[in-house]
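The values are calculated or read from the model by the stated rules, or taken from the named source; none is laboratory data. From a predicted model like this one, the values you see are computed outputs, not experimental measurements. Cβ atoms come from the backbone with ideal geometry, glycine included; neighbour counts cover every protein chain shown. All accessible areas refer to the heavy atoms of the entire protein, side chains included, with ligands and DNA or RNA removed. Shrake-Rupley method; radii C 1.70, N 1.55, O 1.52, S 1.80 Å.
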2 protein chains.
Amino acid sequence: MTTRNGPRKAEAIFAATLELLAEHGYDKLAIEAVAARSGVNKTTLYRWWPSKDALLAAALRDSGLFAVDVPDTGGLRGDLLAVATQIHRLLTSERTAPVVTAALTAGPRRPELGDVARSFFADRMAREQPIFDRATARGELRAGVDPVLVMDLLAGAIWFRLLLRGGEAAPKFLEEVVDTVLGGAA
Amino acid sequence: MTTRNGPRKAEAIFAATLELLAEHGYDKLAIEAVAARSGVNKTTLYRWWPSKDALLAAALRDSGLFAVDVPDTGGLRGDLLAVATQIHRLLTSERTAPVVTAALTAGPRRPELGDVARSFFADRMAREQPIFDRATARGELRAGVDPVLVMDLLAGAIWFRLLLRGGEAAPKFLEEVVDTVLGGAA
C-alpha cells in the first residue's frame with residue numbers, strides 16, 4: 001500500500017481525526033482508528049505525528065473545518081463582526097459544533113491537551129493580528145489596547161453566552177458584543 | 001437514623017455532591033454516594049431533590065463554595081473589578097477549580113444539564129443585577145447597554161483567557177478587562 005502525504009491526504013487524515021474525536025471523545029481517539037478511517041498506513045501517521053496529541057493539534061489548527069477566513073472589510077467594526085459571525089458559526093453549525101464540544105470537554109481535565117489549546121489559539125491569534133494592525137494604522141484602536149484582550153472579550157462573550165449561559169446568540173447579539181467592545185458600556 | 005434538613009445539613013449535602021462531581025465526574029455522580037458521604041439517608045435526599053440533576057443544580061446554586069459576595073464599592077468600575085476577581089478565584093483556587101472544570105466538561109455533551117447551567121447563571125445574574133441598577137442610577141452605564149451582555153464580556157474574557165487560551169490572568173489583566181468593557185477598545 002502506498003500513501004501520498006500531499007495536502008489532499010492530510011485533509012482526509014485531519015477530517016478522520018476530528019470526526020472520531022466528536023463521535024467517541026478524546027479518550028477513545030486512537031491513531032489506529034484514524035488510520036483505518038482515512039485509509040492511511042498507521043506507520044505513516046506516526047512518522048508525521050509522533051503522538052495522538054500532535055496529530056490532534058495539527059488537525060485542529062490546519063483542518064479546513066476550522067479555517068479562518070480573515071476578513072478585510074475596510075473597517076475594524078466590520079472585521080470584528082465578520083470574526084464574531086465565524087465564531088458563532090463554529091459553535092453552532094452541525095459540522096463543527098460536536099468537534100468543538102468534544103475538544104472543550106476533553107481539555108480542562110487533561111493537562112497534556114493544554115499545549116494543543118495554546119498552539120491552536122496562538123495560531124488563530126497570529127492570523128487575526130492583521131485586523132488589528134490595519135485598525136491601528138487607520139487610528140481605530142485606542143493606544144495600548146492589547147489585541148489578544150479584544151479577542152478574549154469578543155470570543156469569550158460568544159462562548160459564554162452559547163455554551164455556559166445556554167442562551168441564544170442572534171445576529172443582534174453579535175452586533176451588540178462588537179459595539180460594546182469597541183465603544184464601551186460606560 | 002434521624003436527619004436534620006436545616007441549612008447546616010444542606011451545606012454538607014451540597015459539599016459532598018460537589019466533591020464527588022470533582023473527583024469522579026458527572027457520569028459517576030450518584031445520589032447513593034452523596035448520601036453515604038454526607039451521612040444523610042438516601043430517601044431523605046430523594047424527598048428534597050427528585051433527581052441527580054435537581055440536586056446538582058441546587059448544590060451549584062446554593063453551596064457556600066460558589067457564594068457570590070456581591071460588591072458595593074460605590075462605583076461601577078470597583079464593583080466589576082471585585083466581581084472579576086471573584087470569577088478569577090473560582091476558576092483558579094484549589095477548592096473550586098476542580099468543581100468548575102468537572103461541571104464544564106460534563107455540561108456541553110449532556111442536554112439535560114443545560115437547565116442546570118441556565119438556572120445557575122440566571123440566579124447569579126439576578127444577584128449581580130443590583131450592581132447595574134446602582135450604576136444606572138449613578139449614570140455610569142450607557143443607556144441601552146444590557147447588563148447580561150456586560151457580564152458575558154467580563155466573565156467570558158476571563159474564562160476564555162484561563163480555560164481555552166491556557167493563559168494567565170494576573171490582576172493587571174482583570175483591570176484591563178474591566179477598563180476595556182467600560183471604556184471600549186476604539
Exercise for the section: Could you check A:GLU128 against (1) more than 7 Å from chain B (Cβ to nearest Cβ); (2) open to solvent by 30 Å² or more (accessible area, probe 1.4 Å); (3) acidic (Asp, Glu) and say which number it fails? Expected result: (2)
Completion exercise
For the range A:52-77, the count of residues that are in a loop (DSSP other than H, G, I, E, B) and at pLDDT below 90 equals 4
Completion exercise
When the range A:47-77 is checked residue by residue, the ones that are open to solvent by less than 60 Å² (accessible area, probe 1.4 Å) and within 14 Å of chain B (Cβ to nearest Cβ) are A:ASP53, A:ALA57, A:LEU60, A:PHE66, A:GLY75, A:LEU76
Exercise for the section: Those residues that are at positive phi and either surrounded by fewer than 20 Cβ atoms within 10 Å (Cβ to Cβ) or within 17 Å of the chain's Cα centre (by Cα) (or both), I need them from the range B:154-186; list them, please. Expected result: B:GLY184
Problem - Selection from the range B:134-145 of residues that are at the interface with chain A (Cβ under 8 Å from one of its Cβ atoms) and either among the aliphatic types (A, V, I, L, M) or touching a helix residue (DSSP H, G or I) at 6+ places or on another chain (Cβ under 7 Å) (or both) - result: B:GLU140, B:LEU141, B:VAL145
Problem - Some residue of the range A:87-97 being assigned to a loop (DSSP other than H, G, I, E, B) and not assigned by TED's automatic domain parsing to the domain that holds A:ALA126 - result: no
Handout entry: Residue under evaluation B:LEU80, criteria (1) open to solvent by 40 Å² or more (accessible area, probe 1.4 Å); (2) hydrophobic (A, V, I, L, M, F, W, C); (3) under 30 Å from A:GLY184 (Cα atoms), criterion not met
Key = (1)
Handout entry: Filter result (out of contact with any Leu (no Cβ under 8 Å at 6 or more places or on another chain) and open to solvent by less than 10 Å² (accessible area, probe 1.4 Å)) within the range A:5-43
Key = A:ALA16, A:GLY25, A:VAL40
